[in-house]
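Step one of this worksheet: look at the structure below.
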Amino acid sequence: MRWFRSGRDRQERGEPLWERDDPITQQAVAWHDALRRDDGDWDAYILWLEADPRHKEATDQIAQLHAIMDSHKDKLAQEFDIEAPRIKRPTIVRSGMVVGAPAVVVACLMWVANPWLAPRDAIYATGPGETSKIVLASDMVVELAPGSRLVVNENDPTNLELSGGEALFRVAHNPHRMLAIRLGGFVIRDIGTEFSANAAQGAIMVAVAEGDVTVARDGADTSVALSAGQRLVAQRKGNAVISNIDRAHVGAWRRGQLVYDRAPLSIVAADISRYSGRDVVVADSLKPLLFSGVLAIGDGSKLVHTLAGLMALRYSVDGNRVHIDPASGK
């Protein structure tokens, strides 16, 4: 039985990235699909991953192929002039056993030696009201919030950039691998944890649910450490503040809430922009203000009204732009 060689080696030889009928390949595809649908037991997946080095190699190859296909989905549809095939999804039970393994993809999508499928940075983006779950390499899952953009380095899936919006990262502990995420002039580094990162214009917010991360200004020699239950709010041209938080609030947007504790109004406004689909502009005199509270997301249309009421501010709508200003007479 043939098994995996490196993805680049297989591309040079004109061979498929995986052996479709191999049981380990089928299990890797099933786990990848389950994690993307939030239907897999993370702890059971890690046990499966660590049971055999071939499991990690298989999952890395599956993630690589998915990234290439995502980056070239328009070209794929044009090249083959076909609709995306209906693929039967696998089933993962909580014990981690694979109940059903899919016929992965049609043969034309299994070959990546074509020049137009050469590796390149993978860009994942969501619009207002959209979310996305991404499986990177074998042991990283990223959930993108609405209006967010993540760039994955073509040669190194541990080198990422969150160029806007918010994401929740779940990373299996691996002391031999360092994850680096750039956002808003800062770099987050991590070897295994669960945390959220929020990139707004001129500010970032990092909150840790499990494990530890470090955060540094891009290019700086020093960094600050964050542990579970801590949050960092940093201005690109200002101070960084660390505070204690309820770990249950990390990634609260997945449950329909935006939870803030002394967050800069610029971050709150950027979040509302992403969820409402409107450009929310805060008056310069209000930018130093901090907001604490919980906003129910809903369809995003009432977020500005709720915020203005809680902070005794006024707002006005001009087309697709919303201006937040001090209340009259102040």
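Of the residues S285, S276, only one is closer than 21 Å to A197 by Cα and not acidic (D, E); which?
On the way: S285 fails: closer than 21 Å to A197 by Cα.
Of the residues listed, the single one that is closer than 21 Å to A197 by Cα and not acidic (D, E) is S276.
Give the residues of segment 259-282 that are under 17 Å from S301 (Cα atoms) and among the charged types (D, E, K, R), sorted by residue number.
D271, R274, R278, D279
Just checking, does segment 203-213 include any residue being farther than 18 Å from A248 by Cβ and assigned to a loop (DSSP other than H, G, I, E, B)?
No, segment 203-213 contains no residue that is farther than 18 Å from A248 by Cβ and assigned to a loop (DSSP other than H, G, I, E, B).
So, in segment 126-185, how many residues would count as being out of contact with any strand residue (DSSP E or B) (no Cβ under 8 Å at 6 or more places or on another chain) and among the hydroxyl-bearing types (S, T, Y)?
Here is the first cut: in segment 126-185, the ones out of contact with any strand residue (DSSP E or B) (no Cβ under 8 Å at 6 or more places or on another chain) are 127-130, 137-138, 155-156, 173-177.
So of that shortlist, the ones also among the hydroxyl-bearing types (S, T, Y) come out as 138.
Selection size over segment 126-185: 1.
Which of the residues spanning segment 218-241 are crowded, with 16+ Cβ neighbours inside 10 Å and not small (G, A, S)?
Passing the criteria: L226, Q230, R231, L232, V233, Q235.
State which residue pairs qualify: first residue under 11 Å from V206 (Cβ atoms) and inside segment 228-243, second residue part of a loop (DSSP other than H, G, I, E, B) in any location, beta carbons under 7 Å apart, and separation of 6 or more residues or different chains.
Hits for this filter: Q230/I245; R231/I245.
Take V317 and tell me if it is surrounded by fewer than 13 Cβ atoms within 10 Å (Cβ to Cβ), without any contact (Cβ under 8 Å) to a residue 60 or more places away in the chain, more than 20 Å from G185 (Cβ to Cβ) and not basic (K, R). So that I can check it myself, show each step before the final result.
Values: surrounded by fewer than 13 Cβ atoms within 10 Å (Cβ to Cβ): yes; without any contact (Cβ under 8 Å) to a residue 60 or more places away in the chain: yes; more than 20 Å from G185 (Cβ to Cβ): yes; not basic (K, R): yes.
It is true that V317 is surrounded by fewer than 13 Cβ atoms within 10 Å (Cβ to Cβ), without any contact (Cβ under 8 Å) to a residue 60 or more places away in the chain, more than 20 Å from G185 (Cβ to Cβ) and not basic (K, R).
Within segment 267-291, restricting attention to residues that are out of contact with any helix residue (DSSP H, G or I) (no Cβ under 9 Å at 6 or more places or on another chain) and hydroxyl-bearing (S, T, Y), which residue is farthest from V206 (Cα to Cα)? Quick ask: steps written out before the conclusion?
Filtering segment 267-291 down to residues out of contact with any helix residue (DSSP H, G or I) (no Cβ under 9 Å at 6 or more places or on another chain) leaves 267, 270, 273-274, 277, 283-285.
Now drop any that are not hydroxyl-bearing (S, T, Y), which leaves 273, 285.
Working: S273: 19, S285: 25 Å.
Top of the filtered list is S285.
Does segment 228-243 hold any residues that are closer than 21 Å to V171 by Cβ and β-branched (V, I, T), and which are they?
I242 - this is the single residue of segment 228-243 that is closer than 21 Å to V171 by Cβ and β-branched (V, I, T).
Please specify each residue of segment 228-244 satisfying the condition of being over 13 Å from I188 (Cα atoms) and under 21 Å from the mean Cα position of the chain (by Cα). Let's see the steps before the verdict.
We begin by selecting, within segment 228-244, every residue over 13 Å from I188 (Cα atoms); these are 228-230, 235-244.
Answer for segment 228-244, where residues must be over 13 Å from I188 (Cα atoms) and under 21 Å from the mean Cα position of the chain (by Cα): A228, G229, Q230.
Consider I242 against the criteria (1) part of a strand (DSSP E or B); (2) among the β-branched types (V, I, T); (3) not assigned by TED's automatic domain parsing to the domain that holds R170: it satisfies all of them except one. Which criterion is unmet?
Checking I242 against (1) part of a strand (DSSP E or B); (2) among the β-branched types (V, I, T); (3) not assigned by TED's automatic domain parsing to the domain that holds R170, the one that fails is (3).
The values are calculated or read from the model by the stated rules, or taken from the named source; none is laboratory data. Bear in mind that the values here come from a model prediction, so they are computed numbers and not experimental data. Heads up, the Cβs are rebuilt from the backbone with ideal geometry, glycines too, and the neighbour counts pull from every protein chain shown.
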